[in-house]
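Note sheet for the following structure.
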Amino acid sequence: MTILKADTIQQLQEHLSKFDKNLPVAVFDCDRGYMSVAFKKEEKIKNGKSFQWLTFYAHETIQMYDIKTLQGYLSKLPLQAPIAKKTENDEYTSLYLSIDSMRENGKFYQWLVLSDELEYDRFFRQHDTKTEENHTEPVLENCIEQALEKMLSEIKQESSQPIERIHQWLCKQTNQELFKGILTEGKTLKGAFTYCSDQARKMAKNSPSVMVEDDSVFQWVSDYFIHYELPKAKPKKKAKAQPKVKKKVEPVNNVTKVTNQEPSANEKGGVEQQEENEQQLELFATI
């Protein structure tokens, strides 16, 4: 697993961009656990010279916020500004980024952790030790990073509320097969949403509406990326040359009158019914 370490605002911003912007972010404190992120400017005079940097620390009263909010705070600071975190031994080290998670009452929670070097060695580096032993994790980590970049690129080009919800859920997963599926050529977040809509349509059958639980929708998303096989593209058929047809010359006096006719009741009803059906297939509006 790649170690994410930052010594400047620019390095921290680059690392943060790899994660879901809605992911909560916390500072790890040995005594108090996970706390909200805060930072302050510190200064030290050595040999008549002033050295300044930003120290990240745990704040007790500030409400915990997400990565997007942290990026907004950091955007107002110089990119080359040094950053650090103070250890329990009153030493300053680089800032380390890790992901921690827990499952409670059937729900999965995940957040980004900022820690110093001692905390990282004690609580988070164990995942990297396993990586060095079996040499399988680097491949997985690379797979995850590529999948996250692919989804982020798609979101920047085209997005919607349901697609954003699918994206947020995928960013919190750890299934290796799922991330391999995301990297499959032709599979996209938009394709996953279309697949879910088709599954909901099958469930609805002749019902005017259908309510789908979040867990069912996300199971469909997983099925799409892991098990669903994309239809093979049909080879294009060459268009056959059509024989030339001689145009019939009508007499000059034979004039056809064109009128603006209203569509028949059947035709009109068919159009309205089609529009109504399309409105009823807004899958994620009921989630």
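Roughly how many nanometres apart are two label points built 7 Å out from the Cα toward the Cβ at residue 230 and residue 75?
3.3 nm
Can you grab the distance from the C-alpha centre of region 174-208 to the C-alpha centre of region 12-59, Å, no decimals?
Region 174-208 and region 12-59 have Cα centres separated by 39 Å.
From the cross-link list 46/85; 5/49; 85/156; 49/85, which pairs have alpha carbons spaced over 24 Å apart?
Flagged as over cut-off: 5/49; 85/156.
Report, to one decimal in Å, the Kirkwood hydrodynamic radius for region 32-86 based on all distinct Cα pairs.
For region 32-86, inverting the mean 1/r across all distinct Cα pairs yields 12.8 Å.
So how long is each side of region 51-131 along the principal axes, counting just the alpha-carbon atoms, biggest first, in Å?
Its Cα atoms span 47, 29, 26 Å along the three principal axes.
Could you pull out the pairs from 107/190; 21/205; 40/190 whose alpha carbons sit more than 32 Å apart here?
21/205; 40/190
Identify the residues of region 54-73 with backbone N under 19 Å of a label point that sits 7 angstrom from the Cα of residue 38 along the Cα-to-Cβ direction, or state none.
54-67, 69-73
So how far apart, in nm, are the two label points at residue 161 and residue 206 if each is 7 Å from Cα heading toward Cβ?
According to this spin-label approximation, the distance is 3.2 nm.
Read-outs throughout are calculated quantities, based only on the coordinates presented, and are distinct from any laboratory measurement. Just so you know, these numbers come straight off a predicted model, no measurement behind them. Cβ atoms come from the backbone with ideal geometry, glycine included; neighbour counts cover every protein chain shown.
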